[in-house]
1. Would you pull out the residues with amide H under 5 Å of residue 46's amide H, same chain only if 5 or more places away, H placed 1.01 Å from N?
2. Of the listed peptides 23-29, 12-18, what is their order by residue-averaged count of other C-beta atoms within 10 Å, with the highest listed first?
3. Tell me, what ³J(HN,Hα) does each residue in the range 9-18 have, in order and in whole Hz, if you take phi through Karplus 6.51 cos²θ - 1.76 cosθ + 1.60 with θ = phi - 60° and put x for Gly and Pro?
4. Given points 7 Å out from each Cα along the Cα-Cβ axis, report the residue 31 to residue 18 separation in nanometres with one decimal.
Amino acid sequence: MANRIKSGEFPPGSRLPSRAELCEQYEVSSFVADRLFLILKMHTLAARPAGVAAGAVKARGRPSPRCPRS
């Protein structure tokens, strides 16, 4: 998903697939789909605006600098 966002498939402000859609497309559990959203948020590739239903995420399309490893 990160590569799809970075490539422009999901431009800034667009809606990403829901958890259910990700589970179906990639044949993964809802736990894995939730972790994906968390990772995208950590890398500032996605944000979940206040008041938006769970699973509805908006692409920002700008990667963050990598965190230094400790």
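Read the figures in this text as sums done on the coordinates, not as results from a lab. Here the structure is a predicted model, which means the values were calculated and not measured. For neighbour counting, all protein chains shown are included, and Cβ atoms are generated from backbone atoms with ideal geometry for every residue, glycine included.
1. Amide H neighbours of residue 46, under 5 Å, 5+ apart: 41, 60.
2. Working: 23-29: 12.4, 12-18: 14.9.
So the peptides 23-29, 12-18, ranked by packing, come out 12-18, 23-29.
3. Couplings: 4, 10, x, x, x, 7, 8, 7, x, 6 Hz.
4. Between residue 31 and residue 18, the label points sit 2.3 nm apart.
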